[in-house]
Amino acid sequence: MLNQDTIEVRRDVDALLIPSGVKIKIQKGSLVVITQALGNSYTVYVNGNLARVAGKDGDALSMMVLDDLDVNVIEGTLEEKIWETLKTCFDPEIPVNIVDLGLVYECKISPAEAGSHVDIKMTLTAPGCGMGPVLVADIEQKLRQMKAIIDLKVELVFDPPWDRSMMTDVAKLQLGML
């Protein structure tokens, strides 16, 4: 699916710098290499940095436009919808979703009168990993679209420390660990 060749950006496009999550604009004519296309976004290497481009802007990269999942039409309970949505969030450097990587420790839902409060506890593969801001922003952006959620908190924790045993067999297989 990915073209490891250098691509010329067709138009100015907004992106998030990885790992800081700072918003940048990649200028028309810039040269990029697409390193990953998962979770309705593209990770590109540009000017010595990684950046995440929303799937809706795939045309700027000469790629397919990836539409965002309408989280409100997912079948199931609110908790099932949240977990399905979390599976669309990917570490920009690892081609496995954060659920299968074992990064999500807890999803607590507290019903309220007008909707639900949702608290998510997650971790990173290492305390020094800089991907936290990008992952938290991705989770928040996707879950805040759910009409049933009136309040959302995503907290990065490092206890217990993450280790490979927290990965699903699917993730281990994808990464060549099985």
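Of all residues in region 1-25, those satisfying the criterion of being within 19 Å of the chain's Cα centre (by Cα) and either among the polar types (S, T, N, Q) or open to solvent by less than 20 Å² (accessible area, probe 1.4 Å) (or both) are VAL13, ALA15, ILE18, SER20.
The listed residues are LEU135, LEU152, and the only one of them that is free of Cβ contacts under 8 Å to residues at least 40 places away in the same chain and either touching a Leu at 6+ places or on another chain (Cβ under 8 Å) or assigned to a loop (DSSP other than H, G, I, E, B) (or both) turns out to be LEU152.
Being at pLDDT 95 or above and open to solvent by 10 Å² or more (accessible area, probe 1.4 Å) is the requirement here; does ILE98 meet it? Spell out the reasoning first.
Working: at pLDDT 95 or above: yes; open to solvent by 10 Å² or more (accessible area, probe 1.4 Å): no.
No; evaluated as a whole, the condition is false for this residue.
In region 26-43, the residue that is most open to solvent (accessible area, probe 1.4 Å) out of those that are among the β-branched types (Val, Ile, Thr) and under 9 Å from PRO92 (Cα atoms) is THR35.
For (1) more than 29 Å from LEU175 (Cβ to Cβ); (2) loosely packed, with under 13 Cβ neighbours inside 10 Å; (3) out of contact with any strand residue (DSSP E or B) (no Cβ under 9 Å at 6 or more places or on another chain); (4) at pLDDT below 90, each residue gets a yes or a no:
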{"position": "LYS108", "(1), (2), (3), (4)": "no, yes, no, no"}
{"position": "PRO111", "(1), (2), (3), (4)": "yes, yes, no, no"}
{"position": "PRO127", "(1), (2), (3), (4)": "no, yes, yes, yes"}
{"position": "GLY132", "(1), (2), (3), (4)": "no, no, no, yes"}
{"position": "VAL136", "(1), (2), (3), (4)": "no, no, no, no"}
{"position": "LYS147", "(1), (2), (3), (4)": "yes, yes, yes, no"}
{"position": "LYS153", "(1), (2), (3), (4)": "yes, yes, no, no"}
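Does any residue in region 1-15 that is at pLDDT below 85 come within less than 7 Å, Cβ to Cβ, of a residue that is open to solvent by 60 Å² or more (accessible area, probe 1.4 Å) and not in a strand (DSSP E or B) six or more places away or on a different chain, and which pairs are these? Partner pairs satisfying both residue conditions: none exist. The set of residues from region 56-75 being in contact (Cβ under 8 Å) with a residue 24 or more places away in the chain, open to solvent by less than 40 Å² (accessible area, probe 1.4 Å) and within 26 Å of ILE149 (Cβ to Cβ) comprises ASP57, LEU66, VAL71.
The values are calculated or read from the model by the stated rules, or taken from the named source; none is laboratory data. Fair warning: this is a prediction, and the values are worked out from it, not measured in the lab. Note that each Cβ is placed from the backbone with ideal geometry, even for glycine, and that neighbours are counted across all protein chains shown. Accessible surface is based on the protein model in full, side chains and every heavy atom, while ligands, DNA and RNA are left aside. Shrake-Rupley method; radii C 1.70, N 1.55, O 1.52, S 1.80 Å.
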